[in-house]
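Let me begin by presenting the structure, written as structure tokens, before commenting on it.
The values are calculated or read from the model by the stated rules, or taken from the named source; none is laboratory data. Values in this document were obtained by computation on a predicted structure and should not be read as measured data. All Cβ positions, even for glycine, are placed from backbone atoms using ideal geometry, and neighbour counts span all protein chains on display.
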Amino acid sequence: MDETTVKSKIAAAVAGDTEALTALLHHFGPDVERSLQINPVWQPVLETSDVMQVTYLEAFLRISRFDPDRSDSFVAWLRRVAQNNLRDAIRGLERQKQPQPRNRIRPANHQDSMVGLYEMLEAESGTPSRQVRRDEACQVLESAIRLLPDRYGEVVRRYDLEAQTIQEVAEAMGRSPGAIHMLRARAHERLRQQMGSPSDYLDTRE
């Protein structure tokens with residue numbers, strides 16, 4: 001694919017042409033995948049193909065925000081998305097060791113699970129913790145989860161709300177544990193974006 005064709009495909013992809021984006025991913029994806037290096041320790045539970053599957057999904061979700069005039073090339077952008085996914089997968093796998101997921105406390109009910117997830121997302125955003133108005137927080141979060149891509153929503157429901165282990169989620173979805181960590185990280189990122197400022201749904205009374 002020559003430079004002129006690449007530029008044309010990028011412009012079309014940013015404008016919403018999924019065939020153009022698919023062509024770009026087919027062309028550049030293999031090189032990006034070959035650049036990924038996974039520590040042998042994690043290779044039994046994470047493959048480069050896992051990273052690329054999530055990366056391709058993210059490319060479709062993010063391409064409208066790509067600026068063709070930016071200094072970064074498309075392939076550099078795609079490589080950065082892949083590296084971020086790989087990093088999040090490794091972080092998740094490392095956290096999985098301590099404590100063991102099977103020792104997680106299962107919430108008493110669905111509302112407890114929703115509030116727990118809301119408070120975790122709030123903490124991850126760096127916003128000072130305040131008392132959540134439970135009903136409103138649950139409604140906002142449920143609405144945000146429904147807007148997630150199917151795979152993201154399924155990971156959140158299984159792991160964060162139903163307290164399944166990473167291994168259980170991986171088996172149910174037919175994916176590796178590393179892929180589940182990536183999907184969960186991206187899902188949480190999108191939930192924080194969709195929910196906006198937590199101050200709209202928090203009880204600020206002393």
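Quick rundown of the values:
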{"quantity": "Residue in the stretch 36-47 that is assigned to a helix (DSSP H, G or I) and within 15 Å of L78 (Cα to Cα) present", "calculated": "no"}
{"quantity": "Unique residue being touching a His at 6+ places or on another chain (Cβ under 8 Å) and either modelled with pLDDT of 90 or more or exposed (fewer than 15 other Cβ atoms within 10 Å of the Cβ) (or both) when the list is E124, E162, E168", "calculated": "E124"}
{"quantity": "The stretch 157-172: number of residues that are in contact (Cβ under 8 Å) with a residue 24 or more places away in the chain, part of a loop (DSSP other than H, G, I, E, B) and not aliphatic (A, V, I, L, M)", "calculated": "2"}
{"quantity": "Which listed residue is in contact (Cβ under 8 Å) with a residue 12 or more places away in the chain and in contact with a Phe, Trp or Tyr (Cβ under 6 Å, 6 or more places away or on another chain), from V54, V81, V75, V45", "calculated": "V75"}
{"quantity": "Selected residue (only one of D88, D112 is more than 15 Å from M195 (Cβ to Cβ), more than 19 Å from the chain's Cα centre (by Cα) and either part of a helix (DSSP H, G or I) or modelled with pLDDT of 75 or more (or both))", "calculated": "D112"}
{"quantity": "The stretch 1-33, subset closer than 15 Å to D69 by Cα and of a type in the set (A, V, I, L, M, F, W, C), residue surrounded by the fewest Cβ atoms within 10 Å (Cβ to Cβ)", "calculated": "A15"}
